[in-house]
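The values are calculated or read from the model by the stated rules, or taken from the named source; none is laboratory data. Only a predicted model underlies this, so the values are computations on that prediction, with no experimental measurement involved. Reconstructed Cβ throughout: ideal geometry from the backbone, glycine too, with neighbour counts over all protein chains shown. Surface areas here come from the heavy atoms of the whole protein model, side chains and all, with no ligands, DNA or RNA. Shrake-Rupley method; radii C 1.70, N 1.55, O 1.52, S 1.80 Å.
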Amino acid sequence: MELTATTTIRKPTSEVYAFWRDLENLPTFMAHLEEVRTTGDRTSRWVADAPFGKDIAWNAEIVDETPGEKIAWRSTGDADVPNAGTVRFVRAPDGVSTEVHISLVYDIPGGTIGKAVAKYFGEEPHQQLDDDLRRLKQVIETGEVVRSDGAPWGKRAREEFPQRPAQPLSDAELAKGADR
Amino acid sequence: MRANTWAGRNKVEVRDVPDPRILNRRDAIVKITSTAICGSDLHLVDGYVPTMQDGDVMGHEFMGEVIEVGPDVPPERLRVGDRVVVPFPIACGACGACAAELYSCCENTNPNAGIAEKMFGHPVAGIFGYSHLTGGFAGGQAQYARVPFADVGPLKIESDLADEQVLFLSDILPTGYMGAEMCDIQPSDVVAVWGAGPVGQFAMDSARVLGAAKVIAIDKEPYRLQMAERAGHIPVNFEEVDVRSRLLELTGGRGPDKCIDAVGLEATHGSAHVAAYDRVKQAVRSETERPHALRQAIMSCRSGGVVSVIGVYGGLMDKFPAGAWMNRSLTLRTGQCHVQRYMKPLLKRIEGGELDPTRIITHRLPLEEAEHGFEIFKNKEDHCEKVVLKP
């Protein structure tokens, strides 16, 4: 499965590139990621979040990069869900913003993991990636993922509607946190 | 705390809900001292804006005292104890839309952007108490509210102006003003305003302040027309006269140079069959609007004129008079108000005595009586024009 999405962020390409190049930042906006740990100059260890299937982890390496312009990576070894991605950073016509163009390819297997991944992407798989980029834009432009009463858990807000009512959270809800 | 909530179509209910907390680092918590019921709240209660849920806290016109600020709100922008008016669109101040001062189109503040994108093509900003389509943010008809991006939106009131003089900077005064500003008013202009509700009244006052030669108010409620007349505007009752004929008479046959639709999607019509056509289509959801005021504004406007739309529309309309619009070189301008753009200049006009927002207030009620307030406002009982609620 191949997914593409794009957004425009009102920051210079160097800044947006640098944020992405620090791969440990990816889980702040990519819903399916729990953690990315840098293990070398171009290698990293990725851990998936619950909706993508529990306890899935894989190694990845950067296979191509041009500072300020492009990063391409792919999973290595025997990843449960082999995947690869490319992100390009292009100066927008306004001269101050950066267009982010991302392309992800997943080789979805059969079995339980394949089902979990298929369920995660649902009927509109591109929507998940669109939402990831919306959160990337929020994080870079405003400092963090924006929360509302209806969608209080930031990147873990899976449901847009219906969702919890637009009224403040109780102490119990705040203590419990997002359903994981 | 106590808060007025949506409880299903045609029903609001003041209930106990949890107190708001800081969720984002640039939030503030405001203890609300005054809040109001807006005409657009009626669209939510009447069930014409989708994605409301039982228990949603309503209200997007409010002001009060800052009682808590998040760690990333710079103290030079906002501190505990500040008295603030809160603009209804939530805006981040950093995206492309905010940079262009299009605050109600902020690209970052709607966590439910996906729904808005499906309905409108591109997402719109988060709005307090105004459905999940605009983010699912609890509103301000309550004792307290969480205000995101508190370093961007809220206007500090540092003078001794009373709440009622500044409260409407949150929405309806800037909305009415933007309606007039979009008309690019010239000294020779006759401006006609459809709807003499609160926003219409402020659009009329703003048209006068911006230099219009003559301002016409179109409505069917005698008390609302009288209110407009007392403020110096010319009343036209569409239940008593043919609007087109009267407008031609008032403009020497030219038609108004600029027309403002301050009615929106629940227009009523003097002619029963036209009203029935749209009412039935709206009831079966095959169109979401009853756009009579807009159609009439387009048909009435002078060739080359501007039709400015500040009444709320939610989706799709039928029988849009595209021929009149195109062949007579009309300009159609519109937008949810970019309130942040207008708060400071309008505060100055209030301080200078050019605008008196208090003139439309007819009812002051405790928050506990919100349901009664909605009822009289909706049914236009007891000469209700604007209800201010006190938490």
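Do you know which of the residues in the range B:96-108 that are at the interface with chain A (Cβ under 9 Å from one of its Cβ atoms) and open to solvent by 10 Å² or more (accessible area, probe 1.4 Å) is farthest from B:Val66 (Cα to Cα)?
B:Gly96
Consider B:Val49 carefully, then state whether it is of a type outside the set (Gly, Ala, Ser) and either crowded, with 22+ Cβ neighbours inside 10 Å or farther than 22 Å from B:Ile157 by Cα (or both).
yes
Could you please find all residues in the range A:132-162 being out of contact with any strand residue (DSSP E or B) (no Cβ under 9 Å at 6 or more places or on another chain), more than 20 Å from B:Ile29 (Cβ to Cβ) and modelled with pLDDT of 90 or more?
A:Arg135, A:Gln138, A:Val139 - these are the residues of the range A:132-162 that are out of contact with any strand residue (DSSP E or B) (no Cβ under 9 Å at 6 or more places or on another chain), more than 20 Å from B:Ile29 (Cβ to Cβ) and modelled with pLDDT of 90 or more.
If you scan the range B:295-308, which residues turn out to be open to solvent by 10 Å² or more (accessible area, probe 1.4 Å) and not in a loop (DSSP other than H, G, I, E, B)?
Passing the criteria: B:Arg295, B:Gln296, B:Met299, B:Ser300, B:Val306.
Go through the range B:60-70 and give me each residue that's more than 11 Å from chain A (Cβ to nearest Cβ) and either in a loop (DSSP other than H, G, I, E, B) or open to solvent by 10 Å² or more (accessible area, probe 1.4 Å) (or both).
Of everything in the range B:60-70, those that are more than 11 Å from chain A (Cβ to nearest Cβ) and either in a loop (DSSP other than H, G, I, E, B) or open to solvent by 10 Å² or more (accessible area, probe 1.4 Å) (or both) turn out to be B:His60, B:Glu61, B:Glu65, B:Ile67, B:Glu68, B:Val69.
Condition check: under 23 Å from the mean Cα position of the chain (by Cα), open to solvent by less than 10 Å² (accessible area, probe 1.4 Å) and in contact (Cβ under 8 Å) with a residue 60 or more places away in the chain. Does B:Asp27 satisfy that?
For B:Asp27, the condition - under 23 Å from the mean Cα position of the chain (by Cα), open to solvent by less than 10 Å² (accessible area, probe 1.4 Å) and in contact (Cβ under 8 Å) with a residue 60 or more places away in the chain - is not met.
Of everything in the range B:272-294 that's within 14 Å of B:Gly195 (Cβ to Cβ) and out of contact with any helix residue (DSSP H, G or I) (no Cβ under 9 Å at 6 or more places or on another chain), which residue is surrounded by the fewest Cβ atoms within 10 Å (Cβ to Cβ)?
Step by step, filter the range B:272-294, then rank; the result is B:Leu294.
Please count how many residues of the range A:1-19 are closer than 11 Å to A:Val100 by Cβ, open to solvent by less than 30 Å² (accessible area, probe 1.4 Å) and away from chain B (no Cβ under 14 Å).
The number of residues fulfilling the criteria is 1.
Per-residue answers, yes or no, for (1) in contact with a Ser or Thr (Cβ under 9 Å, 6 or more places away or on another chain); (2) among the polar types (S, T, N, Q); (3) outside the structural domain of B:Phe128 (by TED's automatic domain parsing); (4) modelled with pLDDT of 90 or more:
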{"position": "B:Arg285", "(1), (2), (3), (4)": "no, no, yes, no"}
{"position": "B:Thr288", "(1), (2), (3), (4)": "no, yes, yes, no"}
{"position": "B:Leu294", "(1), (2), (3), (4)": "no, no, yes, yes"}
{"position": "B:Gly304", "(1), (2), (3), (4)": "yes, no, yes, yes"}
{"position": "B:Val307", "(1), (2), (3), (4)": "yes, no, yes, yes"}
{"position": "B:Gly314", "(1), (2), (3), (4)": "yes, no, yes, no"}
{"position": "B:Pro321", "(1), (2), (3), (4)": "no, no, yes, yes"}
{"position": "B:Met326", "(1), (2), (3), (4)": "no, no, yes, yes"}
{"position": "B:Arg341", "(1), (2), (3), (4)": "no, no, no, yes"}
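Of these, A:Val36, A:Val63, A:Val87, which one is over 24 Å from A:Gly143 (Cβ atoms), part of a strand (DSSP E or B) and at pLDDT 95 or above?
Selected residue: A:Val63, the only one of A:Val36, A:Val63, A:Val87 that is over 24 Å from A:Gly143 (Cβ atoms), part of a strand (DSSP E or B) and at pLDDT 95 or above.
Please verify whether the range A:100-111 includes one or more residues that are assigned by TED's automatic domain parsing to the domain that holds A:Trp20, assigned to a helix (DSSP H, G or I) and modelled with pLDDT under 95.
yes
Among the residues of the range B:364-391, how many are aliphatic (A, V, I, L, M), free of Cβ contacts under 8 Å to residues at least 60 places away in the same chain and not in a helix (DSSP H, G or I)?
1
Looking for whichever is assigned to a strand (DSSP E or B) and open to solvent by less than 10 Å² (accessible area, probe 1.4 Å) here; the options are B:Ala116, B:Ala180, B:Ala145, B:Ala196. Which one fits?
None of the others qualify; the one that does is B:Ala145.
Taking B:Gly126 as the residue in question, decide whether it is closer than 20 Å to B:Ile310 by Cβ, assigned by TED's automatic domain parsing to the domain that holds B:Ala267 and not aromatic (Phe, Trp, Tyr).
No; evaluated as a whole, the condition is false for this residue.
Pick from the range B:255-276 the residues that are touching a residue at least 24 places away in the same chain (Cβ under 8 Å) and outside any loop (DSSP other than H, G, I, E, B): which of them is farthest from the chain's Cα centre (by Cα)?
Result: B:Lys258.
Which residues, counting only those in the range B:47-58, are within 11 Å of chain A (Cβ to nearest Cβ) and assigned to a loop (DSSP other than H, G, I, E, B)?
Within the range B:47-58, B:Pro50, B:Thr51, B:Met52, B:Gln53, B:Asp54, B:Gly55, B:Asp56, B:Met58 meet the criteria.
Out of (1) within 16 Å of B:Ala297 (Cα to Cα); (2) surrounded by fewer than 14 Cβ atoms within 10 Å (Cβ to Cβ); (3) free of Cβ contacts under 8 Å to residues at least 40 places away in the same chain, what's the single condition that is false for B:Gly252?
Single failed check for B:Gly252: (1).
Could you tell me how many of the residues in the range B:84-95 are of a type outside the set (A, V, I, L, M, F, W, C) and at the interface with chain A (Cβ under 9 Å from one of its Cβ atoms)?
Going through the range B:84-95 one residue at a time, the tally reaches 1.
May I ask you to list the residues in the range B:148-161 that are part of a loop (DSSP other than H, G, I, E, B) and more than 8 Å from chain A (Cβ to nearest Cβ)?
Result: B:Ala150, B:Asp151, B:Val152, B:Gly153, B:Pro154, B:Ile157, B:Glu158, B:Ser159, B:Asp160, B:Leu161.
Looking only at the range A:68-114, count every residue that is open to solvent by less than 20 Å² (accessible area, probe 1.4 Å) and touching a residue at least 60 places away in the same chain (Cβ under 8 Å) and tell me the total.
So the count comes out to 9.
Show the residue pairs that are 6+ apart or on different chains and have beta-carbon atoms under 6 Å apart, the first residue being within the range B:117-146 and free of Cβ contacts under 8 Å to residues at least 24 places away in the same chain and within 10 Å of chain A (Cβ to nearest Cβ), the second being surrounded by fewer than 24 Cβ atoms within 10 Å (Cβ to Cβ) and charged (D, E, K, R).
Matching pairs, first to second residue: B:Pro123/B:Glu117.
How many residues are touching an Asp or Glu at 6+ places or on another chain (Cβ under 6 Å) and either more than 19 Å from B:Arg2 (Cβ to Cβ) or away from chain A (no Cβ under 14 Å) (or both) if we restrict to the range B:25-34?
Residues in the range B:25-34 being touching an Asp or Glu at 6+ places or on another chain (Cβ under 6 Å) and either more than 19 Å from B:Arg2 (Cβ to Cβ) or away from chain A (no Cβ under 14 Å) (or both): 4 in total.
So, of the residues in the range A:81-120 that are under 14 Å from A:Ala5 (Cβ atoms) and within 14 Å of chain B (Cβ to nearest Cβ), which turns out to be nearest to the chain's Cα centre (by Cα)?
A:Val100
Quick one: is B:Pro111 more than 14 Å from every other protein chain (Cβ to nearest Cβ), out of contact with any helix residue (DSSP H, G or I) (no Cβ under 7 Å at 6 or more places or on another chain) and not aliphatic (A, V, I, L, M)?
For B:Pro111, the condition - more than 14 Å from every other protein chain (Cβ to nearest Cβ), out of contact with any helix residue (DSSP H, G or I) (no Cβ under 7 Å at 6 or more places or on another chain) and not aliphatic (A, V, I, L, M) - is not met.
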